[in-house]
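Visitor: One structure coming up, written as structure tokens, with questions to follow.
The values are calculated or read from the model by the stated rules, or taken from the named source; none is laboratory data. Keep in mind that what you see is a predicted model, and the values were worked out from it rather than measured. Cβ atoms come from the backbone with ideal geometry, glycine included; neighbour counts cover every protein chain shown. Surface accessibility is based on the protein's heavy atoms, side chains included, excluding ligands, DNA and RNA. Shrake-Rupley method; radii C 1.70, N 1.55, O 1.52, S 1.80 Å.
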Amino acid sequence: MAKMSDLFGEEPRLKFNQLDLTTLSPEKIWADYDVETDSMVLYFTGQPVSAISVYLRDDLYAMVDPKSKDVVGIHIEALESKFLTRHPLLKKSWPYVKQTLSEKLTSNS
């Protein structure tokens, strides 16, 4: 079972429940990429929910439910300009993901 720290490094000062990646359902991932700010928000709840952003490290935040302390998503700043250059495996799949998100936004307009 993967833990948040396996993906994102040491835990931040604010404690929250570890995310069990084995329970994530791809159908429930809500994603939005903003080209202008080069930031991506992913919610694992099917839609955006009320959450607080907890700084993890360079341009990466955990979105945490303030009541349950569960991780409900992640927020990545400087996605194309910084984050993907540090994560080559994600960089390879990004063009497909970006196209899929663009198609989704176009069809919802």
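Visitor: What tally of residues in segment 52-86 results from selecting those that are at pLDDT 95 or above, small (G, A, S) and either closer than 25 Å to K15 by Cβ or part of a loop (DSSP other than H, G, I, E, B) (or both)?
Guide: Matching residues across segment 52-86 total 2.
Visitor: A follow-up question, please. Kindly indicate the residue of segment 1-33 that is exposed (fewer than 10 other Cβ atoms within 10 Å of the Cβ) and over 15 Å from the mean Cα position of the chain (by Cα) and also modelled with the lowest pLDDT among those meeting that condition. Spell out the reasoning first.
Guide: Of all residues in segment 1-33, those exposed (fewer than 10 other Cβ atoms within 10 Å of the Cβ) come to 1, 10, 13, 22-23, 25-27.
Narrowing the set further to residues that are over 15 Å from the mean Cα position of the chain (by Cα) leaves 1, 10, 13, 22-23.
Numbers: M1: 51, E10: 60, R13: 56, T22: 85, T23: 85.
For segment 1-33, the residue satisfying everything is M1.
Visitor: Hey, among the residues in segment 34-73 that are over 16 Å from H87 (Cβ atoms), in contact (Cβ under 8 Å) with a residue 40 or more places away in the chain and charged (D, E, K, R), which one's surrounded by the most Cβ atoms within 10 Å (Cβ to Cβ)?
Guide: D70
Visitor: Still on this structure, I have one more. Just checking, which of L101, L89 is modelled with pLDDT under 95, open to solvent by less than 80 Å² (accessible area, probe 1.4 Å) and in a helix (DSSP H, G or I)? It would help to see each step written out before you state the result.
Guide: Values: L89 fails: open to solvent by less than 80 Å² (accessible area, probe 1.4 Å).
From the options L101, L89, the qualifying one is L101.
Visitor: Tally up the residues in segment 32-45 that are more than 19 Å from T22 (Cα to Cα), out of contact with any helix residue (DSSP H, G or I) (no Cβ under 7 Å at 6 or more places or on another chain) and not in a loop (DSSP other than H, G, I, E, B), please. Walk me through it before giving the result.
Guide: Within segment 32-45, the first condition is being more than 19 Å from T22 (Cα to Cα), and the residues that meet it are 32-41.
Pick out the ones that are also out of contact with any helix residue (DSSP H, G or I) (no Cβ under 7 Å at 6 or more places or on another chain) and you get 32, 34-37, 41.
Now restrict to residues that are not in a loop (DSSP other than H, G, I, E, B): 32, 34, 41.
Residues flagged as more than 19 Å from T22 (Cα to Cα), out of contact with any helix residue (DSSP H, G or I) (no Cβ under 7 Å at 6 or more places or on another chain) and not in a loop (DSSP other than H, G, I, E, B) within segment 32-45 amount to 3.
Visitor: Note down all Cβ pairs under 6 Å where the first residue falls in segment 15-29 and is farther than 17 Å from Q47 by Cα, the second is among the charged types (D, E, K, R) and modelled with pLDDT under 85, and they're at least six residues apart or on different chains.
Guide: Listed pairs, sorted by first residue: Q18/K3.
Visitor: Taking the stated definitions as given, is P48 outside any helix (DSSP H, G or I) and modelled with pLDDT of 95 or more? Explain how you work it out, then say what you get.
Guide: Numbers: outside any helix (DSSP H, G or I): yes; modelled with pLDDT of 95 or more: yes.
Yes: the conditions hold for P48.
Visitor: Among the candidates K67, K104, K92, single out the residue that is within 13 Å of F16 (Cα to Cα) and more than 16 Å from the chain's Cα centre (by Cα). Walk me through how you get there before you give the answer.
Guide: Details: K104 fails: within 13 Å of F16 (Cα to Cα); K92 fails: within 13 Å of F16 (Cα to Cα).
Residue meeting the stated conditions: K67.
Visitor: While we're on this one: Considering every residue within segment 48-59, establish whether at least one is closer than 16 Å to Q18 by Cα and acidic (D, E).
Guide: no
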